[in-house]
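Peer 1: I have a structure I would like to understand better, so I am pasting it below and will then ask my questions one at a time.
The values are calculated or read from the model by the stated rules, or taken from the named source; none is laboratory data. Predicted model only: the values in this text are computed from it and were never measured. Here the Cβ positions follow ideal geometry from the backbone for every residue, glycine too, while neighbour counts run over all protein chains shown.
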Amino acid sequence: MLIRPAMRRSCVALALALSACASDPGTFRPAKGAPEQPPVATAYRVKQVAPECLFLGVVHADGAYAIDSMAITAARHGGTDYVVAGDDEDERRTQLDPDTNELVTTTNHKMWAKVYRCPR
């Protein structure tokens, strides 16, 4: 059975989400004075947030799956939405996928985002 890179990323994201007993895959830095919020099921990446949204803090993550790590960490800290504020590509690497014999390029990202709790 061949596992495509997109499917592999989905499996990694699912494994991260299911590992609730493990520590956060990203680093959350709460905003001063922001109240703690209960966790939510999913945090969504958005371009901008409504004025009534509560700013909770920022989340940092790095690696090939940084965006997934940020979403999981934001949701665990009560964030419903996050806005990516920085994405620095650290390293690009091309290697041969042993399953498909195709060249696959992976990028190691260093990202951070602003995390918000928005009313639904």
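Peer 1: Out of all the residues in the stretch 35-58, is one or more within 16 Å of the chain's Cα centre (by Cα), surrounded by 20 or more Cβ atoms within 10 Å (Cβ to Cβ) and charged (D, E, K, R)?
Peer 2: No - not one qualifying residue is present in the stretch 35-58.
Peer 1: Kindly indicate which of A85, A20 is modelled with pLDDT under 95 and assigned to a strand (DSSP E or B).
Peer 2: Unique residue meeting the criteria: A85.
Peer 1: Further question: Looking only at the stretch 58-102, which residues are among the basic types (K, R) and without any contact (Cβ under 8 Å) to a residue 40 or more places away in the chain?
Peer 2: Passing the criteria: R92, R93.
Peer 1: How many of the residues making up the stretch 98-120 are within 20 Å of D62 (Cα to Cα), touching a helix residue (DSSP H, G or I) at 6+ places or on another chain (Cβ under 9 Å) and of a type outside the set (F, W, Y)?
Peer 2: 8
Peer 1: I need the full set of residues from the stretch 51-98 which are touching a strand residue (DSSP E or B) at 6+ places or on another chain (Cβ under 6 Å) and charged (D, E, K, R), in order please.
Peer 2: Scanning the stretch 51-98 gives D62, D81, D87, D88, E89, D90, E91, R92, R93, D97.
Peer 1: Among the residues of the stretch 100-120, write down those that are in a loop (DSSP other than H, G, I, E, B), surrounded by 13 or more Cβ atoms within 10 Å (Cβ to Cβ) and out of contact with any Cys (no Cβ under 8 Å at 6 or more places or on another chain).
Peer 2: Matches in the stretch 100-120: none.
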